[in-house]
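Notes follow once the structure below has been shown.
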Amino acid sequence: MSDSGRARVSGRAPLRIVLYTREDCSLCETAELELATLARPLGLMVEARDVDAEPDLVAQYGDRVPVVMAGDVVLAEGRIEAGELRLAIEAAFS
């Protein structure tokens, strides 16, 4: 990210990201690690939600996890690459 991007992110409240996940999901674990790596430099607040804990989420996502959301926008899902995720987050909040 450019210096101007760092300055832009560092001066504001954390950006809220929701990770829809489930237990025993290796792709979900990878997504969680990628988000943890990006959280501080991008100023993210990440909330992980287990889709199996809420019937509405089971109906909405089924086997479609992990899903990374910003508001109602899907930033990434399935096999998540760190570089692509970072670009999607930056684009969503620019």
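The values are calculated or read from the model by the stated rules, or taken from the named source; none is laboratory data. Because the structure is a prediction, the values reported are computed rather than measured. Reconstructed Cβ throughout: ideal geometry from the backbone, glycine too, with neighbour counts over all protein chains shown.
Quick notes on this structure:
- Filtering the stretch 23-60 to residues that are of a type in the set (S, T, N, Q) and surrounded by 15 or more Cβ atoms within 10 Å (Cβ to Cβ) leaves only T30.
- In the set (1) touching a residue at least 24 places away in the same chain (Cβ under 8 Å); (2) more than 20 Å from A13 (Cβ to Cβ); (3) not in a loop (DSSP other than H, G, I, E, B); (4) not aliphatic (A, V, I, L, M), the condition left unmet by R79 is number (3).
- Qualifying residue in the stretch 45-58 (condition: of a type in the set (A, V, I, L, M, F, W, C), assigned to a loop (DSSP other than H, G, I, E, B) and at pLDDT 95 or above): no
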